[in-house]
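Asks: Below are the structure tokens for one structure; questions will follow.
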Amino acid sequence: MGIARVELPADARPDTLAVRAGLPPSAWGENSEALFLTSSFVHPDAATAARRFANEEEAFIYSRFSNPTVAMFERRLAALEGTSGCIATASGMAAILLLVLGLLKAGDHVVCSQSVFGSTIKLFQDFERFGVHTSFVPQTDPDAWRTALRPETKLLFAETPSNPLTEVCDIAALADIAQRCGAQLVVDNCFCSPALQRPAALGADIVMHSGTKFLDGQGRVIAGALCAPEELVSARFVPVMRSAGMSLSPFNAWVVLKGLETLAIRMQAQSARALELARWLETQPAVERVYHPGLASHPQHALAMRQQGGVGGAVLSFVLRGGRQAAFAVIDAARICSITTNLGDTKTTISHPASTSHGRLTEEQRQAAGITQGMVRLAVGLEDPLDLKADLQRGLAGLA
Ligand SMILES: *Cc1c(COP(=O)(O)O)cnc(C)c1O
């Protein structure tokens with residue numbers, strides 16, 4: 001006896017899985033997935049409760065670690081990433097916390113890209129206090145990853161493309177490096193989502209998500225997940241979730257679950273708009289440089305196209321010749337784009353990385369990372385690209 005799966009043909013494709021994968025409907029036959037707002041579940045008798053608590057019978061027990069709406073989201077995301085298991089978390093950062101608590105111990109070592117999300121760097125640095133050491137390496141140089149390995153290296157952690165420079169790393173090459181030294185490769189797949197890139201198919205052991213971004217897709221809730229083989233999820237992550245409780249609420253799971261249904265068409269549409277804007281920005285005299293993996297001028301363009309199904313993603317950044325003053329002028333002239341650092345929303349967001357998302361770095365660290373004062377990041381949504389160009393043109397016109 002176990003928790004049933006929805007019956008689908010074995011060869012059902014990703015677009016179908018995104019809408020259909022998960023649990024079967026409840027006794028009431030609802031067509032849209034139900035939201036189970038309940039903290040606990042009732043057992044028919046004491047002996048059954050005992051079996052369930054002893055893990056001898058699979059059933060929902062308590063929503064800190066098991067809930068049908070959360071399980072529905074987990075199964076659907078696993079189906080899209082092509083992993084046998086998945087565990088949902090309260091946020092993307094909670095997913096990294098669960099990863100470290102579940103897999104590492106004092107004395108272990110992590111090799112991490114230096115271009116990952118700022119809070120990811122901060123969290124790995126915090127783990128130094130518990131004896132878990134992290135070396136940060138340049139994202140795009142496999143030799144640097146290889147050189148950083150130690151006998152006690154257990155994890156390699158990458159995020160591709162990176163924010164805001166859209167640097168792309170070779171997932172298959174990193175998977176090979178990890179495998180040779182008996183470590184596991186973790187890929188933060190936030191920027192592409194499984195609609196464009198499936199790291200597990202390229203050899204990654206674990207795929208990490210901030211569900212807050214493209215999976216939700218409309219900027220509503222905070223959510224996260226780890227996708228991995230079911231044996232790893234049940235042996236290493238579920239027990240930590242059960243005792244530590246960085247759980248995703250059923251309501252937030254339901255929002256992100258419904259977001260997965262439109263993920264692929266949003267990613268395609270937003271990425272197409274981003275590429276159109278990136279190409280247009282490259283022709284603007286006030287713009288010194290544009291970063292988007294879909295541009296032929298991108299240093300890892302060929303790799304990105306191979307790895308991301310020919311699509312560059314919905315995030316781009318550009319550098320203005322006039323430095324910080326010019327960047328602020330373009331941002332402040334926008335009447336449509338939202339001035340916020342969130343991304344993956346249907347509403348286009350505009351931000352100045354050097355003073356917001358990367359504001360805690362020293363100017364020296366920012367220079368090393370290539371995040372200059374003239375840089376503006378755009379996370380492109382679903383507005384008409386003509387209106388978005390006009391919105392940027394308002395500020396650019398004053399600079400020429
Ligand atoms: C936002 C983000 C995170 C953190 O996710 P939260 O849901 O905000 O905790 C991690 N990685 C990347 C790439 C992100 O953009």
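Asks: For region 210-358, with all protein chains present and a 1.4 Å probe, just round the carbon and sulfur fraction of the accessible area to a whole percent.
Replies: 54 percent
Asks: Rounded, prolate or oblate: which fits region 126-208, taking a ≥ b ≥ c as square roots of the Cα gyration tensor eigenvalues, rounded meaning a/c under 1.5, else prolate when a/b beats b/c?
Replies: prolate
Asks: Can you tell me the orientation of helix 92-103 relative to the chain, as the angle in degrees between its alpha-carbon axis and the longest Cα principal axis, to the nearest 10?
Replies: 50 degrees
Asks: Taking 0.36 nm per residue of separation and subtracting the Cα-Cα distance, what length does fully extending Asp15 through Glu231 add?
Replies: Gain on extension, Asp15 to Glu231, equals 75.2 nm.
Asks: Another question, then. Please identify every one of the trypsin sites (Lys or Arg not before Pro) in region 319-400 that sits in a loop by DSSP and has no more than 16 other beta carbons within 10 Å of its own beta carbon.
Replies: In loop regions of region 319-400 (DSSP not H, G, I, E or B), the sparsely surrounded trypsin sites (Lys or Arg not before Pro) are Arg321, Arg335, Lys347, Arg360.
Asks: Calculate one ³J(HN,Hα) per residue across region 347-360 by plugging θ = phi - 60° into the Karplus curve 6.51 cos²θ - 1.76 cosθ + 1.60, and present them in order as whole Hz with x for glycine and proline.
Replies: Coupling constants for region 347-360: 8, 5, 10, 10, 8, 10, x, 4, 10, 10, 4, 10, x, 7 Hz.
Asks: Is there a quick way to get the dipole size of region 264-397? I mean about its Cα centre, with the Cβ of Lys and Arg at +1 and of Asp and Glu at -1; what is the value in debye to the nearest 20?
Replies: 120 debye
Asks: Put +1 on the Cβ of every Lys and Arg and -1 on every Asp and Glu Cβ in the chain; which of Gln325, Pro353, Gly211 then has its Cα farthest towards the positive end of the dipole?
Replies: Of Gln325, Pro353, Gly211, it is Gln325.
Asks: Separate question: Computed FRET efficiency, Cβ-Cβ of Trp28 and Lys389, R0 60 Å: what is it to the nearest 0.05?
Replies: The formula returns an efficiency of 0.80 here.
Asks: Whole number in Å², please: accessible area per residue of the chain, 1.4 Å probe, ligands, DNA and RNA not counted.
Replies: Heavy-atom SASA per residue in the chain reads 42 Å².
Asks: Right, here's the next one. Restricting to bridges with both residues inside the chain, how much of the DSSP beta-bridge set is antiparallel, in percent to the nearest 5?
Replies: 55 percent
Asks: Separate question: On C-alpha positions alone, give me the angle between the axis of helix 68-81 and the longest principal axis of the chain, in degrees, nearest 10.
Replies: Value to nearest ten degrees: 60.
Asks: For region 14-260, what class follows from the C-alpha gyration tensor (a ≥ b ≥ c being the square roots of its eigenvalues): rounded when a/c is under 1.5, otherwise prolate if a/b is larger than b/c, else oblate?
Replies: Note, shape of region 14-260 comes out prolate.
Asks: Further question on the same structure: Could you check how much of the accessible area of region 1-160 is carbon and sulfur, as a whole percent, using a 1.4 Å probe?
Replies: C and S atoms contribute 56 percent here.
Asks: What dipole magnitude, in Debye to the nearest 20, does the chain give about its Cα centre under +1 on Lys/Arg Cβ and -1 on Asp/Glu Cβ?
Replies: Value, rounded to 20: 520 debye.
Asks: Next question, about the same structure. Given +1 on the Cβ of Lys and Arg, -1 on the Cβ of Asp and Glu, and no further charges, what dipole in debye does region 144-282 carry about its Cα centre, rounded to the nearest 20?
Replies: 220 debye
Asks: Using the Cα centre of the chain as origin and beta-carbon charges of +1 (Lys, Arg) and -1 (Asp, Glu), tell me which of Val221, Leu396, Leu99 is placed farthest towards the positive end of the dipole.
Replies: Leu396
Asks: How large is the helix-only mean residue ellipticity at 222 nm for the chain, computed as the sum of -39500 (n - 2.57) over DSSP H runs with n ≥ 4, divided by its residue count, in deg cm²/dmol to the nearest 500?
Replies: Result for the chain: -10500 deg cm²/dmol, rounded to the nearest 500.
The values are calculated or read from the model by the stated rules, or taken from the named source; none is laboratory data. Since this is a predicted model, take the numbers as computed values, not measurements. Cβ sites come from the backbone with ideal geometry, for glycine too, and all protein chains shown count toward neighbours. Side chains included, ligands, DNA and RNA excluded: accessible areas come from the protein's heavy atoms. Shrake-Rupley method; radii C 1.70, N 1.55, O 1.52, S 1.80 Å.
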